[in-house]
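The structure appears right after this line, and notes come after that.
The values are calculated or read from the model by the stated rules, or taken from the named source; none is laboratory data. Just so it is clear, the model here is predicted, and its values are computed rather than measured. FYI the Cβ positions are ideal-geometry reconstructions off the backbone, even for glycines, and counts take in every protein chain you see.
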Amino acid sequence: MKVLVLGASGATGRLVLIQLIKRQINTRIVIRRNSVLPKEIEENPLLEIVRGNINQMTDSEMSDLLRDCNAVISCLGHNITFKGMFGNPRYLVFDAIRSISETIRETGDNKIKLILMSTTAYTNTLQGEKDSIGEKIILSLLKLLLPPHRDNIKAADYLIKEIGNDDEKIEWIAVRPDTLINSENESSYHINESPERSPIFNAGITSRINVSHFITELLLNKTLWQKWQCKTPVIYNNSEHIK
């Protein structure tokens, strides 16, 4: 197996990368030219590093990026700075997911698994999820005023509405953590089909390391993949870890 990881230099993506290497999985990553990885990771023989901007790659470069890969994991996100929140690219995640998907459809010989790290602020209406009036107001404002939130919504919508449940080349899962926190160690967590609490008024927490563990388990556990394929599972730390 070879896995392509997008956003591998980010807070969660780096943990996903560590999980994959720990499990002896060949991994290819795309990181910006000025991104820095720990030396022990950068020099690992299981890791192939491609430096560049995923949203500026040509069709040929995108095909090379996907060569020999069985799965793609996107942990892309916007930097929490004014430029990162409001500057270009406005649709970093959506554009990457769309480009990757189009390349897979055009050039891929076998089905590829695609995992998107999404958010509980995404409401899967096709699954019957509904927001309260208060949630609708706030989420609408976030979508209007915060480009990164709008980007995340468009990326998840693309998988659900454009790729759908029976694509010939792509199998996908969009993992939705609640409020992300940093933790050094994995802890117990649980997975729901839909949010069990309001992401706006009663948010839970999810440690990044637990997200990385679940994403890796999805790739390696066939039964787990089949359970959540073409769905948007929500991951929470268990109650004893919620502050």
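Taking the criterion of being touching a helix residue (DSSP H, G or I) at 6+ places or on another chain (Cβ under 7 Å) and more than 13 Å from LEU4 (Cβ to Cβ), the residues of the range 42-58 that qualify are ASN44, LEU46, ASN55. Taking the range 201-220 as the region of interest, how many residues are over 16 Å from the mean Cα position of the chain (by Cα) and among the aromatic types (Phe, Trp, Tyr)? Of the residues in the range 201-220, 1 are over 16 Å from the mean Cα position of the chain (by Cα) and among the aromatic types (Phe, Trp, Tyr). Applying the condition of being among the β-branched types (Val, Ile, Thr) and surrounded by 14 or more Cβ atoms within 10 Å (Cβ to Cβ) to the range 34-72 and asking which residue is nearest to the chain's Cα centre (by Cα) yields VAL72.
Filter the range 184-215 down to residues that are in a helix (DSSP H, G or I) and of a type in the set (A, V, I, L, M) and give me whichever is surrounded by the most Cβ atoms within 10 Å (Cβ to Cβ). My answer is ILE215.
The residue list ILE181, ILE104 contains one member that is aliphatic (A, V, I, L, M), surrounded by fewer than 18 Cβ atoms within 10 Å (Cβ to Cβ) and out of contact with any helix residue (DSSP H, G or I) (no Cβ under 6 Å at 6 or more places or on another chain), which is ILE181. LYS143 meets each of the listed conditions (1) charged (D, E, K, R); (2) closer than 30 Å to ARG67 by Cα; (3) surrounded by fewer than 17 Cβ atoms within 10 Å (Cβ to Cβ); (4) out of contact with any Ser or Thr (no Cβ under 8 Å at 6 or more places or on another chain) apart from (2). When the range 107-140 is filtered for residues that are loosely packed, with under 11 Cβ neighbours inside 10 Å and within 15 Å of GLU171 (Cα to Cα), the ones remaining, listed by number, are ASP109, ASN110. Against the numbered list (1) of a type outside the set (S, T, N, Q); (2) farther than 23 Å from SER101 by Cα; (3) assigned to a strand (DSSP E or B), LYS143 comes up short only at (3).
Counting only residues that are in contact with a helix residue (DSSP H, G or I) (Cβ under 6 Å, 6 or more places away or on another chain) and either modelled with pLDDT under 95 or in a loop (DSSP other than H, G, I, E, B) (or both), the range 113-125 holds 3 of them. The set of residues in the range 184-217 being under 20 Å from TYR122 (Cα atoms), of a type in the set (A, V, I, L, M, F, W, C) and touching a residue at least 60 places away in the same chain (Cβ under 8 Å) consists of ILE200, PHE201, ALA203, VAL211, ILE215. TYR158 meets the stated requirement of being closer than 14 Å to TYR122 by Cβ, surrounded by 14 or more Cβ atoms within 10 Å (Cβ to Cβ) and among the aromatic types (Phe, Trp, Tyr).
On the given criteria, is ILE138 touching a residue at least 24 places away in the same chain (Cβ under 8 Å), part of a helix (DSSP H, G or I) and farther than 27 Å from ASN53 by Cβ? Yes, satisfied.
If you check ILE170, ILE191 for being among the hydrophobic types (A, V, I, L, M, F, W, C), within 17 Å of the chain's Cα centre (by Cα) and within 20 Å of ASP95 (Cβ to Cβ), only one passes: ILE170. Once the range 39-97 is narrowed to residues that are at pLDDT 90 or above and of a type in the set (Lys, Arg), the residue that is nearest to TRP225 (Cα to Cα) is ARG67. The set of residues from the range 5-55 being in a strand (DSSP E or B) and closer than 21 Å to ASP151 by Cα comprises VAL5, LEU6, VAL30, ILE31.
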